[in-house]
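Everything below concerns the one structure shown next.
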Amino acid sequence: MFLHRQTLQHQAKPDAPDAVYARKLQEVLGGQYGEITVAMQYAFQSWNIHVPGKYRDLLYGIGTEEFGHVEMLATMIAQLLEKAPLGITKDAIQGDPTVAAVIGGTDLQQAIVAGAGARPVDSMGNPWQGSYVTASGNLLADFTANANAEMQGRLQVARLYHMTDDHGVRDLLAFLLARDTMHQNQWLAAAAELREEGAEELPVPSNFPLSKEDRDVSYQYINFSDGEAASEGSWASGPTPDGKGEFTYVAEPPEGVPMPAPTRPDARFYGTTDLPNAVEKIAGRVQDKLHRE
């Protein structure tokens, strides 16, 4: 059950309208790592947990908060668009304020389609996609993906912070930055707790028998680059994070194995045939026709 309280978690009011910045802010609303994505991601992860407990409650709690962040950003975008001039240049290009707005960076669909409001799109107008959501059912994999989503989102919010001098906008972004800090730490702490409790282990999925994989290459760092500095990293020698092996470094990849014989698509389905074979077939058909005549 979802209940909506008509208050915001934090104030979302700019000092002045700014249609161009409203478009930029769309990225952290409807982009790949925007608030819509994390809200839906945590929601689906929580719905996919079949056993009650602290991890499901964690997902429910943060997921619901993220829906509130969607609301705050949508509200801020609407405020930025309110009374914002369509033509953002002093003298409208060719006397047309719409052209001036496009050249200046305004998203016209915010005005035409959304009635001076936010849209579920990124800063380039690309629609938000459900394919952005990670909800695998494996908690360690999902919590690691969640930490990455918060890192990417916080990175984008930090960049946006420096793209405006508006005190009201910066106030909201400062709040979102702080919550992203908390959520990064929460997901990393939850992932560590899963491993400490033995509920989930590396490698993911931990219940697939290691004996069924090719163990000879399980912990090899094979260098496929002409750079050599990677050999100095902890991923090239020493114990592995899963505690089940030792890293080794292979300076050059093996020669490989021969390619299999080429496939022969059926020309009736518009595949590509090898030329000599195709010419031979055509010649045979021509001869058959001549004999019949």
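The values are calculated or read from the model by the stated rules, or taken from the named source; none is laboratory data. Quick caveat, the model's predicted, so the values are computed rather than measured. Ideal geometry is used to build each Cβ from the backbone, glycine not excepted, and the neighbour counts take in all protein chains shown.
Which members of the range 11-54 meet the condition of being more than 15 Å from the chain's Cα centre (by Cα), under 25 Å from Asn138 (Cα atoms) and surrounded by fewer than 24 Cβ atoms within 10 Å (Cβ to Cβ)?
Ala43, Phe44, Ser46, Trp47, Asn48, Ile49, His50, Val51, Pro52, Gly53, Lys54
If only one of Glu200, Glu213 is without any contact (Cβ under 8 Å) to a residue 12 or more places away in the chain and under 28 Å from Ser136 (Cα atoms), which one is it? Steps first, answer last, please.
Numbers: Glu200 fails: without any contact (Cβ under 8 Å) to a residue 12 or more places away in the chain.
So the residue among Glu200, Glu213 that is without any contact (Cβ under 8 Å) to a residue 12 or more places away in the chain and under 28 Å from Ser136 (Cα atoms) is Glu213.
Hey, among the residues in the range 104-147 that are part of a loop (DSSP other than H, G, I, E, B) and among the β-branched types (Val, Ile, Thr), which one's surrounded by the most Cβ atoms within 10 Å (Cβ to Cβ)? Break it down into steps so the answer makes sense when it comes.
To start, the set of residues in the range 104-147 that are part of a loop (DSSP other than H, G, I, E, B) comprises 105-107, 113-120, 122-126, 128-129, 133-138.
Right, trim to among the β-branched types (Val, Ile, Thr) and you get 106, 113, 133-134.
Working: Thr106: 24, Val113: 12, Val133: 18, Thr134: 16.
Only one residue fits best here, namely Thr106.
Scan the range 207-214 and tell me whether some residue there is surrounded by 13 or more Cβ atoms within 10 Å (Cβ to Cβ) and not aromatic (Phe, Trp, Tyr). Walk me through it before giving the result.
Filtering the range 207-214 for residues surrounded by 13 or more Cβ atoms within 10 Å (Cβ to Cβ) gives none.
So far as the range 207-214 goes, no, none of its residues is surrounded by 13 or more Cβ atoms within 10 Å (Cβ to Cβ) and not aromatic (Phe, Trp, Tyr).
Just checking, how many residues over the range 148-170 are among the acidic types (Asp, Glu), closer than 18 Å to Ala12 by Cα and buried (at least 16 other Cβ atoms within 10 Å of the Cβ)? Spell out the reasoning first.
Restricting attention to the range 148-170, the residues satisfying the condition of being among the acidic types (Asp, Glu) are 150, 165-166.
Of the ones still in play, those that are also closer than 18 Å to Ala12 by Cα are 165-166.
From the residues that got through so far, the ones that are buried (at least 16 other Cβ atoms within 10 Å of the Cβ) too are 166.
Within the range 148-170, residues that are among the acidic types (Asp, Glu), closer than 18 Å to Ala12 by Cα and buried (at least 16 other Cβ atoms within 10 Å of the Cβ) number 1.
Among the residues of the range 1-34, what is the count of those that are within 23 Å of Tyr60 (Cα to Cα), part of a helix (DSSP H, G or I) and out of contact with any Gly (no Cβ under 9 Å at 6 or more places or on another chain)?
Looking only at that region, the number is 2.
Could you tell me whether any residue of the range 77-93 is closer than 30 Å to Ala135 by Cα, of a type outside the set (Val, Ile, Thr) and touching a residue at least 24 places away in the same chain (Cβ under 8 Å)? First the steps, then the outcome.
Of the residues in the range 77-93, the ones closer than 30 Å to Ala135 by Cα are 77.
Filter once more, so that each one left must be of a type outside the set (Val, Ile, Thr): none.
Looking for residues that are closer than 30 Å to Ala135 by Cα, of a type outside the set (Val, Ile, Thr) and touching a residue at least 24 places away in the same chain (Cβ under 8 Å), one finds none in the range 77-93, hence no.
One residue is enough: does the range 43-55 have a residue meeting the conditions modelled with pLDDT of 95 or more and in contact with a strand residue (DSSP E or B) (Cβ under 6 Å, 6 or more places away or on another chain)?
no
For Thr164, are the conditions met, namely being more than 26 Å from Gly63 (Cβ to Cβ), touching a residue at least 60 places away in the same chain (Cβ under 8 Å) and of a type in the set (Ser, Thr, Tyr)? Full working, then the answer.
Working: more than 26 Å from Gly63 (Cβ to Cβ): yes; touching a residue at least 60 places away in the same chain (Cβ under 8 Å): yes; of a type in the set (Ser, Thr, Tyr): yes.
It is true that Thr164 is more than 26 Å from Gly63 (Cβ to Cβ), touching a residue at least 60 places away in the same chain (Cβ under 8 Å) and of a type in the set (Ser, Thr, Tyr).
Kindly evaluate Ala192 against the criterion of being of a type in the set (Gly, Ala, Ser) and closer than 17 Å to Val70 by Cα.
Details: of a type in the set (Gly, Ala, Ser): yes; closer than 17 Å to Val70 by Cα: no.
In short, no.
Just one of Phe224, Phe208 is touching a residue at least 24 places away in the same chain (Cβ under 8 Å) and among the hydrophobic types (A, V, I, L, M, F, W, C); which is it?
Details: Phe208 fails: touching a residue at least 24 places away in the same chain (Cβ under 8 Å).
Result: Phe224 is the single residue among Phe224, Phe208 that is touching a residue at least 24 places away in the same chain (Cβ under 8 Å) and among the hydrophobic types (A, V, I, L, M, F, W, C).
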